[in-house]
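The values are calculated or read from the model by the stated rules, or taken from the named source; none is laboratory data. Because the structure is a prediction, the values reported are computed rather than measured. No Cβ is skipped: glycine too gets one built from the backbone with ideal geometry, and neighbour counts run over all protein chains shown.
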Amino acid sequence: MKPFTILHLTEVDSTNKYLRNQIDKSALPEGYVISADFQNSGKGLGTNTWESEANKNLTFSLLLCPGFLKAEDMFLMSKAISLGIIDALNTYQNCFTIKWPNDIYYQNKKVGGILIENQIQGSQIKFSIIGIGINVNQERFTSDAPNPISLQQILKHPLDTNECLNRILNQISIWYDMLSDGYTEKINQQYFNHLFRSHHYHDFKANNELFHAKIMEVKDDGCLVLATPTGDTRSFYMKEVEFVM
């Protein structure tokens, strides 16, 4: 894809919201990035918020225009973006995984998250706003988030956030190009290989029911398919099932 255009802000309510407002005002090129030192109303999945100390972390949103991607396959975008982030972070230390549906994990702790907002036109995706938050240099977390961790806490030294941003964007570009070139089988295979708790049975919870299962696949529409020890399969979409940590 074309080189990224980065607009850096000191403070904003939400980089996703700011980018959407800019799109509504004028045509922006694919690869346009809004990055901020601080979000005072950072968004997560659903009603979740994102805690981020000022000048310590990465909070940015990226505009992509995947007109080649059908709306029913929109989760392929999440897979490609996740792989880009994982590949970038694993150049620091090969220890990061993707927790379905939209988190980046180190062991059992959350180091980052992704929020994708798609604009659908007919059966295609007109554009996608990719919101990404990565805990980089924050050392104290004060929200009620159960398991945050930062790259500095993992690597035992601070990182240059601008260098980290460029590293992530470069890897996202590689996987996005593969997505546009039709390498969906490779994307699906690599996504599963990097998936949190993908190779053994683990505990899950749905509708207040605890059950034991292992991940079989994540479909291109985002559906998580689990198999129980008895061979039964169960399918879930976002917010319908949770990992028991």
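Name the residue that is farthest from residue 71 (Cα to Cα), counting only residues in region 120-147 that are in contact (Cβ under 8 Å) with a residue 60 or more places away in the chain and either of a type in the set (Gly, Ala, Ser) or not assigned by TED's automatic domain parsing to the domain that holds residue 162 (or both). Out of the qualifying residues, it is 143. Inspect all residues belonging to region 235-242 and state whether any of them is in a strand (DSSP E or B), touching a Cys at 6+ places or on another chain (Cβ under 9 Å) and exposed (fewer than 14 other Cβ atoms within 10 Å of the Cβ). Yes, that holds for at least one residue.
Yes/no matrix, rows are residues, columns are (1) within 25 Å of residue 53 (Cβ to Cβ); (2) of a type in the set (D, E, K, R); (3) touching a Pro at 6+ places or on another chain (Cβ under 7 Å):
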position	(1), (2), (3)
141	yes, no, yes
150	yes, no, no
156	yes, yes, no
161	yes, no, no
165	yes, no, no
169	yes, no, no
175	no, no, no
178	no, no, no
191	no, no, no
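Here is the figure for region 192-234: residues that are of a type in the set (Asp, Glu) and either touching a strand residue (DSSP E or B) at 6+ places or on another chain (Cβ under 7 Å) or over 20 Å from residue 82 (Cβ atoms) (or both) total 4. In the set 41, 26, 35, only one residue is of a type in the set (S, T, N, Q), in contact (Cβ under 8 Å) with a residue 60 or more places away in the chain and at negative phi; that residue is 35. Residue count for region 1-25 under the criterion of being within 23 Å of residue 167 (Cβ to Cβ) and of a type outside the set (Ser, Thr, Tyr): the result is 11.
Take the conditions in contact with a Lys or Arg (Cβ under 8 Å, 6 or more places away or on another chain), of a type outside the set (Gly, Ala, Ser) and outside any helix (DSSP H, G or I) and apply them to residue 10. Does it pass?
No.
Take the conditions (1) in a helix (DSSP H, G or I); (2) surrounded by 14 or more Cβ atoms within 10 Å (Cβ to Cβ); residue 24 misses just one of them, which is (2). Being of a type in the set (S, T, N, Q) and crowded, with 17+ Cβ neighbours inside 10 Å, is that true of even one residue in region 156-170? Yes: one or more hits.
Are any of the residues in region 30-41 among the hydroxyl-bearing types (Ser, Thr, Tyr), farther than 27 Å from residue 241 by Cα and either touching a Ser or Thr at 6+ places or on another chain (Cβ under 7 Å) or buried (at least 19 other Cβ atoms within 10 Å of the Cβ) (or both)? Looking for residues that are among the hydroxyl-bearing types (Ser, Thr, Tyr), farther than 27 Å from residue 241 by Cα and either touching a Ser or Thr at 6+ places or on another chain (Cβ under 7 Å) or buried (at least 19 other Cβ atoms within 10 Å of the Cβ) (or both), one finds at least one in region 30-41, hence yes. Of all the criteria given as (1) within 17 Å of the chain's Cα centre (by Cα); (2) at pLDDT below 95, the one not satisfied by residue 191 is (2).
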